Amino acid sequence: KQINNSLKIERQLYFALRNNEISLYYQGQVSEEKNIIGCEVLVRWYNEDLGFVSPMEFIPIAEKTGIIIELGHYILEEAFKTLQLWEEQNIHLEQFSVNISIQQLLNKNFVNDVEDLCHRYLNDHTRKKIIFEITETLLAENIDKVIRVIRHIKELDIRFSMDDFGTGYSSLSYLREMPIDELKIDRSFVSRLGETDSDEKMITTIFTLAKIFDLKVVAEGVETGEQFRFLLEHDCHIFQGYYFAKPMNRSDFEVHLLRNKKKNPLLY
Ligand code: C2E
Ligand code: CA
Ligand code: CA
């Protein structure tokens, strides 16, 4: 049944883009004062037969089949359009994060495509807000190639974040070599805070590393006030999770932003 379903997903995924089944959601990222300072773009797929399919399920299939190239390009273009639109509407976030698959990043057209999309939708100022989130898990084999591509993209002023940090093959030398600007602490560590000593130690170590390498830290999957307070005490800069807000479609997120702005008129 499992295999059947994944074949079904694979088949339907080919038509998903053409049938307009793919959309983007946005989850706020907040400062210590709980002001929304950025967001992460998260893809959503609704199919008539399959219902909502989780990206945790279909992204790996898209990667395996190569559909991720076309899908990733679409996500990037829609995301850039949103950022452009918000700037026109005077909604000025500090940062705007998009997930990028390693397969997509290593595709021979990636650098060109990003350059092209930047010229079409962004200016010198808005480009600086973009952060590409990549995961460390698959990185090890192609590390030199990955670093070369990142350097290229960084010439456009786009920054990089290491997603799911702490779960993969990260090592110290790895951190030193990767030209990244931000770490995202994996939500598995955040969710277990208060349960085990070792997760606290893990998080404390990540903050120490971040300081040494001069990286910003985003904590994701913050669900409770206790987790938020623990992270605050450890000098965390940026927070993301259901405790603040769930991912929303664009119009809901815009309402959410405006409500936040009313409370803090100096924002954006
Ligand atoms: P991720 O990049 O680690 O994204 C964070 C996931 O955690 C999102 O799930 C988000 O909805 C969820 N989340 C946020 N706050 C909380 C919380 O407080 N508690 C819990 N339990 N979960 C929280 P989502 O949207 O289902 O995405 C799952 C994964 O799919 C992402 O993990 C990412 O690896 C991948 N993905 C999502 N969108 C894209 C995309 O546009 N491109 C690529 N390549 N991958 C994507
Ligand atoms: Ca992410
Ligand atoms: Ca993550």
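Laboratory data are not the source of any read-out in this text; all were calculated from the coordinates shown. Every value quoted in this text rests on a predicted model; they were computed, and no experiment measured them. Positions of Cβ are generated from backbone atoms using ideal geometry, with glycine treated the same way; all protein chains shown enter the neighbour counts.
Taking only complete DSSP H runs, can you tell me which helices of the chain stretch 24 Å or more along their own long axis by Cα positions and average at least 0.0 on the Kyte-Doolittle scale? Result, helices passing both filters: 67-88.
Filter the chymotrypsin sites (Phe, Trp or Tyr not before Pro) in region 98-196 to those in DSSP coil with at most 15 other Cβ atoms within 10 Å of their Cβ, and list the result. Here the chymotrypsin sites (Phe, Trp or Tyr not before Pro) that fit, given the DSSP loop and packing criteria, are Tyr169. For Asp49 and Arg192, what is the calculated FRET efficiency with R₀ set at 35 Å and r taken between the beta-carbons, to the nearest 0.05? Calculated value: 0.45.
For Lys64, a cut-off of 17 angstrom between C-alpha atoms picks up these aspartates and glutamates, skipping any fewer than 8 places away in its own chain: Glu10, Glu141. Can you give the longest run of the chain that contains no trypsin sites (Lys or Arg not before Pro) sitting in a DSSP loop with at most 13 other Cβ atoms inside 10 Å? By the stated rule (loop sites, at most 13 other Cβ atoms within 10 Å), 109-268. Summarising the label geometry, the points placed 7 Å from Cα in the beta-carbon direction at Lys34 and Asp252 lie 2.0 nm from one another. Would you mind estimating how fast region 57-120 diffuses translationally, via Stokes-Einstein at 10 °C and 1.306 mPa s with the Kirkwood radius over Cα pairs, in µm²/s? Answer from the Stokes-Einstein relation: 124 µm²/s. Subtracting the Cα-Cα distance of Asp235 and Thr167 from their residue separation scaled by 0.36 nm leaves 22.4 nm.
Checking the cross-link pairs Lys128/Lys263; Lys108/Lys129; Lys129/Lys262; Lys145/Lys211; Lys34/Lys145; Lys34/Lys128 against a 30 Å limit on the alpha carbon distance flags Lys34/Lys145 as lying beyond it. Over the chain, the hull volume per residue, using the convex hull of the C-alpha atoms, is 142 Å³. Residues of region 57-75 with an amide N closer than 13 Å to a point placed 7 Å from the Cα of Tyr14 along the Cα-to-Cβ direction: 65-67. Quick one: net charge around Gln104, please, counting Lys, Arg +1 and Asp, Glu -1 for every other residue with C-beta under 14 Å from its C-beta. With Lys, Arg at +1 and Asp, Glu at -1, the net is -3. Other residues whose C-beta falls under 10 angstrom from the C-beta of Asp164 contribute a net charge of -3, scoring Lys and Arg +1 and Asp and Glu -1.
For region 67-132, the relative contact order works out to 48 percent when only alpha carbon pairs closer than 8 Å and six or more residues apart are counted. Taking a ≥ b ≥ c as the square roots of the eigenvalues of the Cα gyration tensor, an a/c ratio of 1.5 or more together with a/b no larger than b/c marks region 103-257 as oblate.
Cα convex hull, region 1-101: 116 Å³ per residue, rounded to a whole number.
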